[in-house]
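Asks: Let me begin by handing over the structure; questions about it come next.
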Amino acid sequence: MAGAARTPAFGQAVIGPPGSGKTTYCLGMSEFLRAMGRRVAVVNLDPANEGLPYECAVDVSELVGLGDVMDALRLGPNGGLLYCMEYLEANLDWLRAKLDPLRGHYFLFDCPGQVELCTHHGSLRSIFSQMAQWDLRLTAVHLVDSHYCTDPAKFISVLCTSLATMLHVELPHVNLLSKMDLIEHYGKLAFNLDYYTEVLDLSYLLDHLASDPFFRHYRQLNEKLVQLIEDYSLVSFIPLNIQDKESVQRVLQAVDKANGYCFGVQEQRSLEAMMSAAVGADFHFSSTLGIQEKYLAPSDQSVEQEAMDL
């Protein structure tokens, strides 16, 4: 994929913890992109991913298999995945040879779900960095389950993981709250949805945690974590229901802006749309409010009653 005269390729590196919906996202996004007229190539970089629901253009299991690694080196699944990524990093010529014929496609990379790979292990970051040398412009799309918003402690953990991932992966980054249709299956939200998507004043979450006898003993620790998150002020989320076309469209607009696809020549772009993307003139409050009305049950309490309870 070398050559100065060649146009850059674009794509998404889909990352996130196990079970967050990465493979389902790749399936839904690939179908959406093809309906828009884009040529799409889905690349499976997860050697533990079996029974892929999408048409796979490149599969890393052709190079290295997790089961073979575990048997040969007597490793568990975590150690086996780390070894597979290190092996891929050492054999990037194989990946380049597979991607070269797909030049001109829009890439979706379905990545492993092991959190360490995106927070402190270096192999996946090195692979992404090498792809950038091939003029492949990626956006990291980080998925986390939306139902973590219903638990203040878990939401703070998600914020810490998202921040660590953003700092480590070193790619343009879009965080998603996946499975929005299931957000209240595990409990009610303490605040409106925009509080969680925009990561507003987290001191209110500390007040909620203080009401729990267990977390009351760790208030100072939680305060320091919240302070760290707010000091960086990097993390925000876009809500996603992969079965909702409007939701997928909002995500795609953010991704296209992040990796520069909206400034490319693959599709006709009006000057107004390009300038809007350049200055960030897209306001998500109305869309977030619409999503809240669609997926969250209305509260029976007034704002004053909720404030009194808090």
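Asks: Residue check: is Cys118 out of contact with any Phe, Trp or Tyr (no Cβ under 8 Å at 6 or more places or on another chain), surrounded by 24 or more Cβ atoms within 10 Å (Cβ to Cβ), hydrophobic (A, V, I, L, M, F, W, C) and closer than 16 Å to Val43 by Cα?
Replies: It is false that Cys118 is out of contact with any Phe, Trp or Tyr (no Cβ under 8 Å at 6 or more places or on another chain), surrounded by 24 or more Cβ atoms within 10 Å (Cβ to Cβ), hydrophobic (A, V, I, L, M, F, W, C) and closer than 16 Å to Val43 by Cα.
Asks: Since Ala57 meets every condition but one in (1) without any contact (Cβ under 8 Å) to a residue 60 or more places away in the chain; (2) part of a strand (DSSP E or B); (3) closer than 30 Å to Glu184 by Cα, which condition does it not meet?
Replies: Answer for Ala57: the failing condition is (3).
Asks: Does Asn241 satisfy the condition of being in contact with a Pro (Cβ under 7 Å, 6 or more places away or on another chain), open to solvent by less than 40 Å² (accessible area, probe 1.4 Å) and at pLDDT 50 or above?
Replies: Answer is no for this residue.
Asks: Could you check region 135-154 and list, in sequence order, the residues that are surrounded by 20 or more Cβ atoms within 10 Å (Cβ to Cβ), of a type in the set (A, V, I, L, M, F, W, C) and over 11 Å from the mean Cα position of the chain (by Cα)?
Replies: Answer for region 135-154, where residues must be surrounded by 20 or more Cβ atoms within 10 Å (Cβ to Cβ), of a type in the set (A, V, I, L, M, F, W, C) and over 11 Å from the mean Cα position of the chain (by Cα): Leu136, Leu138, Cys149.
Asks: Could you tell me which numbered condition Glu184 fails, if it satisfies all but one of (1) modelled with pLDDT of 90 or more; (2) open to solvent by 30 Å² or more (accessible area, probe 1.4 Å); (3) within 21 Å of the chain's Cα centre (by Cα)?
Replies: (1)
Asks: If you go through region 187-217, how many residues are part of a helix (DSSP H, G or I) and of a type in the set (D, E, K, R)?
Replies: Of the residues in region 187-217, 3 are part of a helix (DSSP H, G or I) and of a type in the set (D, E, K, R).
Asks: With Leu209, Leu163, Leu189 as the choices, which residue is surrounded by 16 or more Cβ atoms within 10 Å (Cβ to Cβ) and over 21 Å from Leu143 (Cα atoms)?
Replies: Exactly one of Leu209, Leu163, Leu189 is surrounded by 16 or more Cβ atoms within 10 Å (Cβ to Cβ) and over 21 Å from Leu143 (Cα atoms), namely Leu209.
Asks: Show the residue pairs that are 6+ apart or on different chains and have beta-carbon atoms under 7 Å apart, the first residue being within region 186-202 and over 14 Å from Tyr148 (Cβ atoms), the second being open to solvent by 30 Å² or more (accessible area, probe 1.4 Å) and in a loop (DSSP other than H, G, I, E, B).
Replies: Listed pairs, sorted by first residue: Glu198/Ser236.
Asks: Counting only residues that are open to solvent by less than 10 Å² (accessible area, probe 1.4 Å) and touching a residue at least 40 places away in the same chain (Cβ under 8 Å), which one in region 121-133 is nearest to Pro18 (Cα to Cα)?
Replies: Leu124
Asks: Next question. Tell me the helices (runs of 4 or more DSSP H) entirely within region 66-115 that contain at least 2 residues that are open to solvent by less than 10 Å² (accessible area, probe 1.4 Å).
Replies: Hits in region 66-115: 77-90, 92-99.
Asks: Condition (residue is touching a residue at least 12 places away in the same chain (Cβ under 8 Å) and in contact with an Asp or Glu (Cβ under 7 Å, 6 or more places away or on another chain)) applied to region 211-229: is it met by at least one residue?
Replies: no
Asks: Quick one: would you say Asn49 is over 24 Å from Ala164 (Cβ atoms) and touching a strand residue (DSSP E or B) at 6+ places or on another chain (Cβ under 9 Å)?
Replies: no
Asks: Out of all the residues in region 222-237, is one or more modelled with pLDDT of 90 or more and of a type in the set (Gly, Ala, Ser)?
Replies: Within region 222-237, one or more residues are modelled with pLDDT of 90 or more and of a type in the set (Gly, Ala, Ser).
Asks: Looking only at region 166-181, how many residues end up being in a helix (DSSP H, G or I) and open to solvent by 10 Å² or more (accessible area, probe 1.4 Å)?
Replies: 4
Asks: Report yes if Leu33 is touching a helix residue (DSSP H, G or I) at 6+ places or on another chain (Cβ under 6 Å), hydrophobic (A, V, I, L, M, F, W, C) and either at pLDDT 95 or above or surrounded by fewer than 20 Cβ atoms within 10 Å (Cβ to Cβ) (or both), otherwise no.
Replies: Judged against the criteria, Leu33 is not a match.
The values are calculated or read from the model by the stated rules, or taken from the named source; none is laboratory data. It should be emphasised that the depicted structure is a prediction, and the values quoted were computed from it without experimental measurement. Cβ coordinates were reconstructed from backbone atoms using ideal geometry, including for glycine residues, and neighbour counts include every protein chain displayed. All accessible areas refer to the heavy atoms of the entire protein, side chains included, with ligands and DNA or RNA removed. Shrake-Rupley method; radii C 1.70, N 1.55, O 1.52, S 1.80 Å.
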